[in-house]
Structure formats: structure tokens, C-alpha cells
Amino acid sequence: MTDTDSKQDLLIRLRRIEGQVRGIARMVEEDKYCIDVLTQVSAASRALQAVALGLLADHMGQCLVDAAQTGGPEKDAKLKEAADAIARLVRS
């Protein structure tokens, strides 16, 4: 990730998620209704998933394209790396 604006956007999203997670911890400490806590956990999980998909898209748009143009073993390694990352996202 080299684009400064993209990096800043990512950091802002991650800070927002961090705040959500702190809020969830507070809810647990305050013995809030379980369904309300689960709703917030789900929202934080979806937000993290969106960050992961954005990172993957950036990786495919930059690193993977560069490797494909270069060819050779680097291309194969980057393709496997991307496929493995997608598999991890699908399993989560």
C-alpha cells in the first residue's frame, strides 16, 4: 500500500473499528443485553471484513499486476499468495 490517501483512509477505518471494539468491551463490563453485544460484534466483524477486502483489492491492483507483468517465479508466488489470502477470508 503506497498511496498516502488510501493509507490514511485505512487508518481512519481501523481507528473507528478499534473504538467499536472498546465499546463492545464496555458493554460486556456493564452486563448489557447479550443480543445487543452480539449485534455490535457483528458490525465490527463486517467492518474488519471490509478492510480486508479493500487491502486485498489494493494488493491485486498493485502487487499482483506488477508480478504478472514481470512473470516468472515471482508471478507464481504472488498468485499463490493472493489465492491463500482469499481462502483465509472465505474461511473467516
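Computed from the coordinates by the stated procedures, all read-outs in this text should not be read as laboratory data. The structure displayed is predicted, hence computed values, not measured ones. So basically every Cβ, Gly included, is an ideal-geometry build from the backbone, and we count neighbours across all protein chains shown.
For the reader, a short list of remarks on this structure follows.
- For the chain, the mean projected area of the C-alpha convex hull, equal to one quarter of the hull surface, is 6.8 nm².
- With Cα atoms, 0 to 90° folded angle of helix 72-91 axis to the chain main axis: 20 degrees
- Theoretical gain in end-to-end length, L11 to Q62 [0.36 nm per residue, Cα-Cα removed]: 16.5 nm
- Environment charge of G19, counting only residues whose C-beta is closer than 12 Å and scoring Lys/Arg +1, Asp/Glu -1: +4
- V90-V41 FRET efficiency (beta carbon distance; Förster radius 22 Å; 0.05 resolution): 0.65
- Value at 222 nm in deg cm²/dmol, rounded to 500, when DSSP H runs of n ≥ 4 in the chain each add -39,500 (n - 2.57): -29000 deg cm²/dmol
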